[in-house]
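What follows is a short report on a single structure.
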Amino acid sequence: MQLFNYHTHTSRCGHAWGTDEEYVEAAIKVGYKVLGFSDHAPYKTLSLDWARMDWDKLEDYLESVKSLKKAYEGKIDIHLGLETEYYPQFLDEKKELAEKVEYMILGQHFADPAGNGSYFGHNSDDEILEYAEMVCKGLDTGLFMYLAHPDVFMNRQGLFTPACERAARMIAEKAVQTNTPVEINIHGVTRGKKPFPTGEQYFYPHRDFWKIMAEYPVRCLYGIDAHRPEQILRVEDVVAGEKEMAGLGLNFIKEPLL
């Protein structure tokens, strides 16, 4: 099992639970060597308190993770990051945030920063391709250590359409071009398998998407995307994700990125 995880949220984002220290203790109990916190990044002028932390919570987040990093030195390596979207009008703000943390991961959730146009399912072909275009532009910035849940647009989708395949290839080609790893998201595993015309599988990680990733020299890693400490403890979910990806020939990262 991969013994590092860089995708961990905190209660500040409005849809996660538990204390920061509880996540650390859970990671130690499981045997992780590295734990990265990457809560949803704030915007100076936009509040969406059910989806990401507000700006006035940022300093507390930064100080908390830095404090835990010191407190647990020698027991586990803790790293400070943020998960955020790409929107060109906020690029300077994201660059400012990047200077405050060790890493940022790209997680494109909405079509606009106000939270409109969720990409979490029931997307039209045009919306799926729009998602892929936004992700590719984000990767071109060079700001992101890796791409989170690249196949999240498959959530609640019934078919892996030609547009889905095109989106997957766009993302794979850009990930290779920019040398950006992509994440197999374990949070999707926790939602269970659903019936598809081709048989039962997860909405994400979606096996048809990852079959396409395997055609390219894309570097891959697992991300827990933990929103509560218990998710870190659920090793069985990681094992299920590994089983789902078995046999595809994906190029997995063996060592921690930080």
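Tabulated data for the structure shown
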{"item": "Selection from segment 29-63 of residues that are in a helix (DSSP H, G or I) and either more than 16 Å from TYR6 (Cα to Cα) or modelled with pLDDT under 95 (or both)", "result": "LYS29, TRP55, ASP56, LYS57, LEU58, GLU59, ASP60, GLU63"}
{"item": "Options GLN157, GLN108: the member that is outside any helix (DSSP H, G or I), among the polar types (S, T, N, Q), touching a residue at least 12 places away in the same chain (Cβ under 8 Å) and under 20 Å from SER38 (Cα atoms)", "result": "GLN108"}
{"item": "Residue count for segment 189-204, restricted to those that are closer than 15 Å to ARG156 by Cβ and in contact with a Gly (Cβ under 8 Å, 6 or more places away or on another chain)", "result": "5"}
{"item": "Qualifying residue in segment 81-98 (condition: of a type in the set (A, V, I, L, M, F, W, C), more than 20 Å from GLY138 (Cβ to Cβ) and at pLDDT 95 or above)", "result": "no"}
{"item": "For MET170: the one exception among (1) free of Cβ contacts under 8 Å to residues at least 12 places away in the same chain; (2) out of contact with any Phe, Trp or Tyr (no Cβ under 9 Å at 6 or more places or on another chain); (3) not hydroxyl-bearing (Ser, Thr, Tyr)", "result": "(1)"}
{"item": "Of all residues in segment 139-173 being over 21 Å from HIS9 (Cα atoms) and of a type in the set (Gly, Ala, Ser), the one that is surrounded by the most Cβ atoms within 10 Å (Cβ to Cβ)", "result": "ALA167"}
{"item": "For ILE105: the one exception among (1) under 17 Å from the mean Cα position of the chain (by Cα); (2) over 25 Å from LEU221 (Cα atoms)", "result": "(2)"}
{"item": "Test: TYR204 is assigned to a loop (DSSP other than H, G, I, E, B), in contact with a strand residue (DSSP E or B) (Cβ under 8 Å, 6 or more places away or on another chain) and under 21 Å from ARG166 (Cβ atoms)", "result": "yes"}
{"item": "Single residue of GLU215, GLU230 found to be over 27 Å from LYS137 (Cβ atoms) and surrounded by fewer than 17 Cβ atoms within 10 Å (Cβ to Cβ)", "result": "GLU230"}
{"item": "Conditions (1) under 30 Å from GLU127 (Cα atoms); (2) polar (S, T, N, Q); (3) touching a strand residue (DSSP E or B) at 6+ places or on another chain (Cβ under 9 Å); number of the one not met by GLN89", "result": "(3)"}
{"item": "Matching residues in segment 113-150 - criterion: being in contact with a strand residue (DSSP E or B) (Cβ under 8 Å, 6 or more places away or on another chain) and assigned to a helix (DSSP H, G or I)", "result": "VAL135, GLY138, LEU139"}
{"item": "Checking TYR86 against (1) free of Cβ contacts under 8 Å to residues at least 60 places away in the same chain; (2) surrounded by 15 or more Cβ atoms within 10 Å (Cβ to Cβ); (3) not in a loop (DSSP other than H, G, I, E, B), the condition it does not meet", "result": "(3)"}
{"item": "Count of residues meeting criterion [touching a strand residue (DSSP E or B) at 6+ places or on another chain (Cβ under 9 Å) and among the polar types (S, T, N, Q)] in segment 12-50", "result": "1"}
{"item": "Leading residue by the ranking (farthest from LEU143 (Cα to Cα)) among those in segment 26-51 that are buried (at least 21 other Cβ atoms within 10 Å of the Cβ) and either hydrophobic (A, V, I, L, M, F, W, C) or in contact with a Pro (Cβ under 6 Å, 6 or more places away or on another chain) (or both)", "result": "ALA26"}
{"item": "Every residue from segment 5-34 that is farther than 17 Å from ASP54 by Cα, of a type outside the set (Ser, Thr, Tyr) and within 14 Å of the chain's Cα centre (by Cα)", "result": "ASN5, HIS7"}
{"item": "Lone unmet requirement of (1) touching a His at 6+ places or on another chain (Cβ under 8 Å); (2) among the hydrophobic types (A, V, I, L, M, F, W, C); (3) farther than 17 Å from HIS149 by Cα for PHE196", "result": "(1)"}
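The values are calculated or read from the model by the stated rules, or taken from the named source; none is laboratory data. Since the structure is predicted, the reported quantities are computational estimates derived from the model, not experimental observations. With ideal geometry, Cβ positions are generated from the backbone for all residues, glycine too; neighbour counts draw on all protein chains shown.
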